[in-house]
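A short worksheet on the structure shown next.
The values are calculated or read from the model by the stated rules, or taken from the named source; none is laboratory data. Keep in mind the model is a prediction, meaning the values are calculated, not measured. All Cβ positions, glycine included, derive from the backbone under ideal geometry; neighbour counts span all protein chains shown. Accessible surface is based on the protein model in full, side chains and every heavy atom, while ligands, DNA and RNA are left aside. Shrake-Rupley method; radii C 1.70, N 1.55, O 1.52, S 1.80 Å.
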Amino acid sequence: MVLLQVAGAVAGLAPLLAVVELGRALLSPGPVDPDHVWTVVILGAAGLFVRLVLTAASSGLGHYLDGRVQLSLRRELARGLGRAPIGWLSRRRSGELAKVVGEDVSAVHPFIAHAPGELASAFVVPLVSLVYLLTVDWRLTLITLLPVVLAIAHVPLLMTPARMREQQDFDAAMGRLASSVVEFVQGISVVKAFGGAGRAHRTFLTAADDFVDIFTRWVRGVSAVAAGMQLALSPPFVLLVVLVGGTVRITSGGMAPADLLPFLLLGLGLTAPVAALGHGFDDMQAAGRAVGRIREVLEVDALPEPARPATPRDNRVELRGVRFGYDDGPEVLRGIDLVLEPDTVTALVGPSGSGKSTLAQLLPRFFDPVDGSVCLGGVDLRDIDSRELYRRVSFVLQDVRLLRASVADNIALAVPRVDPDHVTRAARLAHIHDRILELPRGYETVIGEEVRLSGGEAQRIGIARALAADTPVLVLDEATAFADPPTDRAVRQTLAMLRGRTVLVIAHRLETIADADTVVMIEDGTVVERGRPTDLLARDGKFAAFWRAQQAAVADAGEIRRGAPEGDLSR
């Protein structure tokens, strides 16, 4: 690509040199040689044609290579995100990752498709022109280079630490703005329904104002330098320098008037390298920063796989002295000791922020504990092959993610070659079968294109997915939070009938707590009480206080519903 571009650019000098030669031939004393004139014209036209062919070939090859590189990067990112720990993914904003896969990969386009060939020709062509002009008049050549020297003197001013910090701040503000846009659009229906548009707009406007402030500061810092470079490289200024220098040389008898012509035509090209660097500087910097962010995602370490995988003896889950904190933040779990026996349902309860969800996410190995161990069947999860682990542990989170695929494919996600009857059975157990039959094409209906499911329906699809996987260990994080009471009761009865499983439930509803074999009360990252629900109530400790608070909240909600006049939602 570079060779084609360079050859085409050099061939492009032929028309300019032809004009120079024509000027000399026409301005020279004596008769004009027609054969010589036509030879010069033909050579100039041929050079122009060669330039068009070669540069078009170079551009086509550059864009082909760019497409290959972008495809490769996106495939690598897909593989990298597929290997990344689920816990790492869950703590990243969707807008942030979308920017890496979309905008950042696209940002390498100028650097691959344009910069190599254009920069190479921008240096080679002026170099050839410079050699030619030196043979004509070396003194005027040095004068013609003065604008280039002035422009280069401005370059270090763009590379100061302050300018680089401003550029980094600009990128960070751009990322925050992109994330706030994605989050605002995704949540607009909820925001409008509950009258929170003002608060949501403020979040977006804050990010936008922050971006404007940083962008304005960055522009103010580089505008004077950029203006100075543009002035030095502008054609009027270059021509002015050449004309003044040429006039001095001609009037002093140092050169013939016809020799000024090549400087007027080729002198402008001597500024091309600095102009190309100036115009491509932002693109190259943007590409470099984009590749850095892509590299950060690709360098995320997958959870290590064991060299000698072990097989669990049974489905007993045991947490031994588990301590965990996110990155360098404070500990969320502090010394958790807990046993989940097979064929039992264990309910985790506690105030918000106590560490319930974090503890539940350790079972499917979203994260590894900082200290202690999580064991399945007497084997540390870190010693179990990930494929074996996910054949034994499935999970349903409160925020169920469904693919843009058929309902059947969403249910059979963990077992893609499963029998259709197995999918139907899982849907029946999750009490979503009848609703699926009402869809336009039943189980073949594509979610997100032909239908949009409610939160409760999506959760039941998630439960059906977990039941289709038929794993002996099941983790439910408020898996029926969006379901109506009859559906919630039916799903809980289904789970109760599936004997032999080890079930961990994060629960807030009283019915779920009452149905559990064991209740574990967590506060501030530690287990404060555990036991059967009736025993804990009799003990009249923290769980009993939690239970009474829940009952009071339910009673208050019932009073509000009974007392509100028809059509009055203000209460």
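Evaluate the stretch 361-370: report whether one residue or more is open to solvent by 10 Å² or more (accessible area, probe 1.4 Å), in a strand (DSSP E or B) and over 19 Å from residue 478 (Cα atoms). No, the stretch 361-370 contains no residue that is open to solvent by 10 Å² or more (accessible area, probe 1.4 Å), in a strand (DSSP E or B) and over 19 Å from residue 478 (Cα atoms).
Taking the condition under 30 Å from residue 102 (Cβ atoms), open to solvent by less than 30 Å² (accessible area, probe 1.4 Å) and not in a strand (DSSP E or B), does residue 291 pass? So residue 291 does not fit the description; no.
Residues in the stretch 447-476 that are more than 22 Å from residue 388 (Cα to Cα) and outside any helix (DSSP H, G or I) were compared, and the one that is nearest to the chain's Cα centre (by Cα) is 448. Does the stretch 316-324 contain at least one residue that is at pLDDT below 85 and buried (at least 20 other Cβ atoms within 10 Å of the Cβ)? No; the residues of the stretch 316-324 include none that is at pLDDT below 85 and buried (at least 20 other Cβ atoms within 10 Å of the Cβ). Of all the numbered requirements in (1) open to solvent by less than 80 Å² (accessible area, probe 1.4 Å); (2) touching a Pro at 6+ places or on another chain (Cβ under 8 Å), residue 123 misses one, and that requirement is (1). Considering only residues that are surrounded by fewer than 20 Cβ atoms within 10 Å (Cβ to Cβ) and among the aliphatic types (A, V, I, L, M), look in the stretch 439-478 and name the one that is farthest from residue 418 (Cα to Cα). Among residues in the stretch 439-478 that are surrounded by fewer than 20 Cβ atoms within 10 Å (Cβ to Cβ) and among the aliphatic types (A, V, I, L, M), the one farthest from residue 418 (Cα to Cα) is 451. For the stretch 408-434, the set of residues classified as in a helix (DSSP H, G or I), open to solvent by 70 Å² or more (accessible area, probe 1.4 Å) and closer than 24 Å to residue 489 by Cα consists of 425, 428, 434, listed by residue number. For residue 124, state whether it is under 20 Å from residue 57 (Cβ atoms) and either assigned to a helix (DSSP H, G or I) or not aliphatic (A, V, I, L, M) (or both). The answer is yes for residue 124.
Within the stretch 218-276, if we keep just the residues that are outside any helix (DSSP H, G or I) and within 27 Å of residue 24 (Cβ to Cβ), the residue that is most open to solvent (accessible area, probe 1.4 Å) turns out to be 252.
Of all residue pairs spaced 6 or more apart or on separate chains, those with beta-carbon atoms under 6 Å, a first member in the stretch 354-380 that is closer than 14 Å to residue 334 by Cα and a second member that is part of a helix (DSSP H, G or I) are 374/362; 374/381.
Out of the strands (runs of 3 or more DSSP E) lying entirely within the stretch 498-543, which hold 3 or more residues that are at pLDDT 90 or above? Break it down into steps so the answer makes sense when it comes.
Details: elements: 502-506, 518-523, 526-531.
Filter on the stretch 498-543 gives 518-523, 526-531.
Applying a threshold of 7 Å to beta carbon distances and a minimum spacing of six or more residues, or different chains, the list of pairs starting in the stretch 51-75 at a residue that is on the phi > 0 side of the Ramachandran plot and ending at one that is of a type in the set (Asp, Glu) and open to solvent by less than 50 Å² (accessible area, probe 1.4 Å) is empty.
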